[in-house]
1. In region 536-555, which residues are charged (D, E, K, R), part of a helix (DSSP H, G or I) and at pLDDT 90 or above?
2. Select from region 107-156 the residues that are aromatic (Phe, Trp, Tyr) and within 21 Å of Glu333 (Cβ to Cβ) and write down the one among them that is modelled with the highest pLDDT.
3. Among the residues of region 33-85, how many are buried (at least 17 other Cβ atoms within 10 Å of the Cβ), outside any helix (DSSP H, G or I), without any contact (Cβ under 8 Å) to a residue 60 or more places away in the chain and small (Gly, Ala, Ser)?
4. Would you mind listing the helices (runs of 4 or more DSSP H) fully within region 187-288 where at least 2 residues are more than 34 Å from the chain's Cα centre (by Cα)?
5. Just wondering, is there one or more residues in region 498-508 that are closer than 30 Å to Lys285 by Cα, touching a residue at least 40 places away in the same chain (Cβ under 8 Å) and surrounded by 15 or more Cβ atoms within 10 Å (Cβ to Cβ)?
6. Does Gly447 fit the bill of being without any contact (Cβ under 8 Å) to a residue 40 or more places away in the chain and over 21 Å from Ala33 (Cβ atoms)?
7. Any residue at all in region 479-502 that is modelled with pLDDT of 90 or more and among the hydroxyl-bearing types (Ser, Thr, Tyr)?
8. Looking only at region 410-435, filter to residues that are modelled with pLDDT of 90 or more and over 27 Å from Phe348 (Cβ atoms); which one of those is nearest to the chain's Cα centre (by Cα)?
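The values are calculated or read from the model by the stated rules, or taken from the named source; none is laboratory data. Given the structure is predicted, the values throughout are model-derived calculations rather than measurements. In this analysis, Cβ positions are derived from the backbone assuming ideal geometry, glycine residues included, and neighbour counts consider all displayed protein chains.
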Amino acid sequence: MKRIPNTMIRASAGTGKTYQLTNRFIRLLLYGAAPERIIALTFTRKAAGGFFEGILDKLAKAADDPAKAANLARDIEHAGAGPAEFRGALRRLVDSMGRLSLGTIDSFFHRVLGLFSTEFGMGGQFEMMGEYEKEQARLTVLEQMLAVRQVKKNEQDDLIKSYQLATAGKNDRDFVGAFSRHLADCHELLLSVPGAECWGDPDRIWPTGNPWTREKAELPDLVSDWQSMLNDEDFGKQVLNAFASIGDYLMSWEPGKDLFDKSKKMMKLAFDGLGAMHHGEWVFKYGNTKSMIQPSVEFDHKLERVLRYCIAWELELRLARTQGIHGLLDAFEKQYDFRVRRAGRLMFGDLPVLLAPAEGSVLLGGNGPDRLDLEYRLDGAFDHWLLDEFQDTSNVQWHAVANLIDEVVQDASGRRTFFCVGDQKQSVYQWRGGDPKLFDRLEANYGQAREGEFVSEQLNESFRSCPAVLKMVNRVFGDTAILTSFDEGRNAAERWAGIWEKHESADNRAKEKGHSMYLQVDDKDDRWRVVAQLLEKLQPVKNRLECAILVQTNKDAGQLVNHLRGAGLGMPIVGESATNPGADNPLGVALLSLFRAAAHPKDRFGIGHLRLTPLAKFLPADENEWQSALREVQRDIYRRGFESVAREWIDRITPELD
């Protein structure tokens, strides 16, 4: 087999990441690699399915068309490969379908643990818990922790201290409820990052010094000093009242309270302008005023002191809370490991932790399997590793496979290879432990190989966007000076500048016309109206244009779809967000209560809710007769289906609606 270098690709959005992955797999096949000896891992089943379909599609087309075969042969650097060679590769791939390892990283970990479950002390059996089972297992462990006879006195004392820290600034007496919320939010994060030094340590967060430290003063004194300048500024009544309201509120404010409780809009403007205040250049527009307002430099600096003090104080509290939450979770994890995980009841987050335990100590207790023997047995299964979306790989996931991949990279024969692709700029799973810095660490480590053994590439030529779009992208994300003004610690902007490369359109897009612009509305409620106006002007259906609108949340998507449908644009509006049309409006909830009461005559909630809705007018006046009426609804559903019955009741209630 021809030597194929180990390769790392940093691929920006639209530059052909999937194209590179599928070509790599096909290249390996054409140079003689057995399909079952190639493992390709990504993060979602949809991506894994798309990857496999892409391989089959390319091979099938190349097997049938000499021109496409020539193009693919050129792309995979296999001169002379024709339809016959691609047909052979396709046949080998199809024959090996039952033995292929193309899937998610979680499914791979599940498979490995299944092979070695007895070595991990689970008696050869383990089960993956669903969400409900996971929640119940956690509650059971929590109840046992609180039982006096189940844990030692000093452990309970430590638990109470951690809880007091975790709830600092909050009047939260619901211990079980608060603890359960922390578990839901952070338990799996603890498995990825177990060390206490990573939880609320300011020195770890700001290695060069915490930029948010409180000055030696009292907040009321700072507020009074700032308020004394209000009458000296040329503010209108609206602005003056807003600042006065903020000042009065901050006099008694303390961490844990909502900073935006009074004059929310002005407070948001102030925080957004914090960087400009530092330079005495804060300019803003407020209320009905048409012109921009610029306070004096001294006013800026005094307000900045107040706001920075509030931020620093709030951060102090939150750092303490984070430390307390770690204490709670750490105590819980010790009991959970003993009572649940050791019994073979697992979450997906447990899998990489078990395979790559922290500091070599297996969480299940005991000495665990012989790691070298386990790795040797796994190492013999795969010759070629392909990792997709590498920027979202967590450290614990990487540690689970690192030794196996090290063996591949260090293979002097060149018959084994490693390939990874991703984009640090698109790292969206850091909240789940994803570490985009892994790219840099791997490149530094594997890049020490001899010339030609390890290749690092950067793809910034977009096959998705035209020059007009990329011009705006480059202008927004490529200006480090502007980004730095939003980065108090200066760390994020510096890191971003280190990975950013100018984006350019590929030849297939280079001559396309386009337009990009940034619009800003004074009132948040005007956003959807502006979008409707743009659609009316563009007329995408009439002009045969594909049109997509992206928003931040599913809630925003639902609101926008409803607004556009009601705007009378004369074009189909399709929402692709997660929606729950049966429960996101009062009418839908009322119909659900009707159907629940029909299905379960003793459903007190459903019947109680029905009494409060206009639907009750269409049920017998005597509630003793409701059961027969609800049974009739049930029979109608059985005969005609939900849609027909729902339409009938909606028609009845329509005159009652506003």
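1. Filtering region 536-555 down to residues charged (D, E, K, R) leaves 536-537, 542, 544, 546, 555.
From what's left, part of a helix (DSSP H, G or I): 536-537, 555.
Matches in region 536-555: Glu536, Lys537.
2. First, the residues of region 107-156 that are aromatic (Phe, Trp, Tyr): 108-109, 116, 120, 126, 132.
Checking which are within 21 Å of Glu333 (Cβ to Cβ) leaves us with 109, 120, 126, 132.
Numbers: Phe109: 88, Phe120: 70, Phe126: 83, Tyr132: 80.
It comes out as Phe109.
3. Count: 1.
4. On the way: elements: 202-205, 219-227, 237-250, 264-272, 274-278.
Of the helices (runs of 4 or more DSSP H) lying wholly inside region 187-288, those with at least 2 residues that are more than 34 Å from the chain's Cα centre (by Cα) span 219-227, 237-250.
5. Our first condition is that a residue be closer than 30 Å to Lys285 by Cα; within region 498-508, this holds for none.
No: region 498-508 contains no residue that is closer than 30 Å to Lys285 by Cα, touching a residue at least 40 places away in the same chain (Cβ under 8 Å) and surrounded by 15 or more Cβ atoms within 10 Å (Cβ to Cβ).
6. On the way: without any contact (Cβ under 8 Å) to a residue 40 or more places away in the chain: yes; over 21 Å from Ala33 (Cβ atoms): yes.
Yes, satisfied.
7. no
8. In this case the residue turns out to be Thr417.
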